[in-house]
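This report refers to the structure that appears directly beneath it.
Since every read-out is calculated from the coordinates, none of them should be taken as a lab result. A quick note: this is a predicted structure, and the numbers were derived from the prediction, not measured. FYI the Cβ positions are ideal-geometry reconstructions off the backbone, even for glycines, and counts take in every protein chain you see.
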Amino acid sequence: MSVRSGAAFCRNEDRKMAAVDRKRFVSVFDQCDVEKKGYLSREDVKVAVVMLFGYKPSKSETSMLMEAGAVPTCPGVPLEQFVSLMGRKLSAGDPYEKTRQIFSAFDLHCRGFLKLEDFRSVFARVAPRLPERTVLEAFRISLISFQHIHTQKSSHVCFPSPQMSCCFQRVWLRGVGLSC
């Protein structure tokens, strides 16, 4: 396994569609193709995007997805086009935005920085049986990872720059016992 920098880790072109992503896309396709037509209608595509990405696509985004997945012999988006579209959509995702969302989930008081109490509170909600030492370790790793960020108080973790966003995601995932 090669070691890559945080910036290289986050580059969209470095991301290949993983087997697990493909499996998830196929599963969502199957769930949304209720009538087993072999393709997704406009409404099915909307539901699929909600299931995969957590938001309802706008009319214009849905139209673009339908056009991009169009096949002359099919009135909707067939499986292979759907998988390809969702793979491109996943790789086009902004890792900085994902980090911002995770950071915001921790920053309960909207201060723009995190304290140990914030870590404890979030971990108590998402992983109540997680040992205190793991929470402390996640906070310690966050402090070390972001120590070059300018802050007045050394016991605060500030929102990371785009270059540090991947590192924050890895710290969060490691803290809850997941791998990335």
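Assorted remarks:
- Here is the P(r) of segment 25-145: all C-alpha pair distances, binned every 5 Å from 0, give 2, 10, 16, 16, 10, 9, 10, 10, 9, 5, 2, 0 in whole percents.
- From phi via Karplus (6.51, -1.76, 1.60), per-residue ³J(HN,Hα) for segment 118-133 in Hz, x at Gly/Pro: 5, 4, 4, 4, 5, 5, 5, 7, 8, 8, x, 9, 5, x, 4, 4
- Nitroxide proxy distance, nm - points 7 Å out along Cα→Cβ at Glu80 and Val26: 1.4 nm
- Overall, segment 34-97 carries a charge dipole of about 140 debye about its Cα centre when +1 sits on the Cβ of Lys and Arg and -1 on the Cβ of Asp and Glu, all other atoms neutral.
- Between amide H atoms placed 1.01 Å from N, distances below 5 Å from Leu40 occur with Val77, all of them 5 or more places distant or on a separate chain.
- Potential lengthening between Leu136 and Lys37 on full extension [0.36 nm per residue; Cα-Cα distance subtracted]: 30.5 nm
- Residue (of Phe119, Thr73, Ile102) at the positive-pole extreme of segment 56-127, dipole from beta-carbon charges: Phe119
- Distance between the pseudo-spin-label points of Arg125 and Lys59 (7 Å out from Cα toward the beta carbon): 3.5 nm.
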